[in-house]
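Notes follow once the structure below has been shown.
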Amino acid sequence: MSEVKKRKIYSSSSVNVDYGLIEQLNQIISLFVPKGENTTTANDNINPLLISFIESRNLPKILSIWSYYSSTNDFHNLIDISIKLSKITFQIDQIKSYLSIPIKQLINEFYKQTLNNSQYMKIIYRALNNMKPSITIANIRILINMIKFDPLIIGQEFLNGFDLTLNVLPKLLIPKKYELETEANSLSANESFQSSTIRSNFIRFWFELCSNVSFIHRQDLLLNHRKILNNIWKYLSIDSIELIEFIIDFIDLKIFQELNFKRSIKCKILNENFIYKISILFTKFSNSTNTSKSKFITFIDKLAIDSKYGLSFPNDKLWEKDSNIGVIIEINNKQFKIANKLLYTLVTSLKPNESNDQLQYIIRVLTHNQELIAPYMNWIVQHGGGYHDPSLTSWWITYTLLYSQILQIPPSTGNNSNTTKFDSKLISENIILAPLGKTVLINGLTIIKKPLIIQLTFQLILYILKKLESFLKIVNVKQDLIDLVFTQLPDLNSIIQVINSPTLSGQQSQQHKIIKLTALTIIEKYESLLPSVETTTTTTSNNNMVQKLVSMGISTFTENVDNNLTNYDLILFDLYMKINNNIDSGQDFKWWNKLTNNSNSFFPC
């Protein structure tokens, strides 16, 4: 009766198949403990049986059975023996540190025999070309276990014996229709499902191979097999978090930290096909654990910010005219020279309106690569939403936040000196951002009479002025820069009209008080910078308007001085006095009169 049961296991008996050997293999495999469970007891049972099996030189005999099933097209048993081989080779790799040198030599000979025998390699090629998970995945795992066992010896044997030009290899990375449908119906693909796909197993095989060979061979594998790498990047969005973390670890350890790889090599490997997927990965990791999300953020920061290990090329001639660093790109009918074209592709592929994580990442990238600010702003004008015309929408609020944070980035000083020829036009592009400008800012103050829009517009103007002040401390083209910036800012008349509007001049709510403080701060900065501009009829008229505003403001303060003054009142008074001191012609509230002979009298005339 037992003989009948045994015979049912196999489709047909054959003198070419040693069923006793297969039973031994089954016995060893039955003792394997699933991954993640305690293996202390199991190892005590596995090791003697497995070592005895190896010492008896039974491993090569399995290959004969494997070959027989393949030659007779016994697909069912070929799958079965392939799975057994994948399990036994996995267990061998798990216990390799406990094996003696003679045992390791026997295993290496077994692997060499497999890789150097064209008949056995045809079985593997056939399994890969079959592209059915049951047979293909088992053979991919056999290859992974071989390479991991002894990378120095077997890794080289693999490179010598395996045909890496097989047309099927890139196809193994193209997900099946049911895999795409599974991903479409789930924000986070099931880990067990993902680990059972041909794509996920081949990715692990490819990166294990690249990890376990010398950097020269790794570079060759990554650069000269573009279809494989591009297909890995192309469908990255359907992969599980676990698999993406595996890929991230490989990139970090074997590309970023590979000292023999120059940045140019790293940029060729992590090309635009990879860069375009980062925005999608933000969405994917937003639904993951905090640990996974933190790992992803650390990785992408290293990619774009770390000039030692990442892709960022330093630019020490950032604000100079006729810089010889970088390549020219044209956007919005303007030309810019940048050293980090790949990172420019990165920031333009991100979507700050989709998540705050992406917005903050853009700020970090631009902070460390400030050459990208001007072209990125012009890209937004041409491709990313146009000019920043005011509207009370989430999109407008998000981009207002983006521009506000960009304007607060401290300007990089680079290796500038007193003799450096600064490009005032380029610098002004980093102060008056392309989506902003005179018309946009005036519209923000006048078109839509919403306090929030007015306040945010004022804040943008204030950040522009503060950015200008920061640049004036490091450049030697001060007057040119002031002229370029103020031609793109609203006239004082537009700002004063907002202050004098009925909503601000009457009973004020908290939001109106903030608007008034911001507006007066802007006027104070205007007056501190505008004296550098040549006096004209317009500036004289503006001074008169400002003087009138100050006079009315201080008069109101003195009339209410007997009442309880708030901190807000005192701040207003301080601003009025600062503005007054910056106006050349202003004589009100001074305790002396300026005489014609440029002397001062202590007595009013």
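The values are calculated or read from the model by the stated rules, or taken from the named source; none is laboratory data. Computed from a predicted model, the values in this text were never measured in an experiment. We place every Cβ from the backbone using ideal geometry, glycine too, and count neighbours over all the protein chains shown.
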Do you know which residues across the range 416-438 are of a type in the set (K, R) and under 30 Å from T393 (Cβ atoms)?
-> K438
Those residues that are in a helix (DSSP H, G or I), free of Cβ contacts under 8 Å to residues at least 60 places away in the same chain and under 27 Å from K341 (Cβ atoms), I need them from the range 270-294; list them, please.
-> N273, F274, I280, L281, F285
Go over the candidates P451, P410 one by one and state the one that is surrounded by fewer than 17 Cβ atoms within 10 Å (Cβ to Cβ), out of contact with any Phe, Trp or Tyr (no Cβ under 7 Å at 6 or more places or on another chain) and within 17 Å of N315 (Cβ to Cβ).
-> P410
So is D301 closer than 25 Å to N271 by Cβ, among the acidic types (D, E) and in contact (Cβ under 8 Å) with a residue 24 or more places away in the chain or not?
-> yes
Can you confirm whether the range 528-546 contains a residue that is surrounded by 15 or more Cβ atoms within 10 Å (Cβ to Cβ), at pLDDT 85 or above and not assigned by TED's automatic domain parsing to the domain that holds I454?
-> yes
Just wondering, is there one or more residues in the range 147-158 that are at positive phi and either outside any helix (DSSP H, G or I) or without any contact (Cβ under 8 Å) to a residue 12 or more places away in the chain (or both)?
-> no
Could you list all residues from the range 476-499 that are among the hydrophobic types (A, V, I, L, M, F, W, C), over 17 Å from Q547 (Cα atoms) and modelled with pLDDT under 90?
-> V477
Within the range 144-175, can you find the residues that are hydrophobic (A, V, I, L, M, F, W, C) and under 15 Å from R199 (Cβ atoms)?
-> I144, V168, L169, L172, L173, I174
Mind counting the residues in the range 257-287 that are in contact with an Asp or Glu (Cβ under 9 Å, 6 or more places away or on another chain) and farther than 23 Å from N230 by Cα?
-> 1
Which residue, of L452, L460, L441, is assigned to a helix (DSSP H, G or I), closer than 19 Å to L392 by Cα and modelled with pLDDT under 95?
-> L452
Could you pull out the residue among N324, N340 that is in contact (Cβ under 8 Å) with a residue 24 or more places away in the chain and over 24 Å from T457 (Cβ atoms)?
-> N340
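Quick grid of which residues meet (1) modelled with pLDDT under 90; (2) in a helix (DSSP H, G or I); (3) at positive phi:
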residue	(1), (2), (3)
R7	yes, yes, no
A42	yes, yes, no
S52	no, yes, no
N73	no, no, yes
I81	no, yes, no
I92	no, yes, no
Selected residue (criterion: modelled with the highest pLDDT) from residues of the range 500-518 that are over 21 Å from L401 (Cα atoms) and crowded, with 16+ Cβ neighbours inside 10 Å | S501
Name the single residue, out of those in the range 168-227 being among the β-branched types (V, I, T) and over 20 Å from N260 (Cβ atoms), that is modelled with the lowest pLDDT.
-> T182
How many residues does the range 205-259 contain that are surrounded by fewer than 20 Cβ atoms within 10 Å (Cβ to Cβ), in contact with a Lys or Arg (Cβ under 9 Å, 6 or more places away or on another chain), without any contact (Cβ under 8 Å) to a residue 60 or more places away in the chain and not in a helix (DSSP H, G or I)?
-> 1
Residues being surrounded by fewer than 18 Cβ atoms within 10 Å (Cβ to Cβ) and either touching an Asp or Glu at 6+ places or on another chain (Cβ under 7 Å) or part of a helix (DSSP H, G or I) (or both) - total across the range 473-495 = 6
Filtered residue count, the range 467-496, keeping only those that are of a type in the set (K, R) and within 25 Å of I447 (Cβ to Cβ) = 1
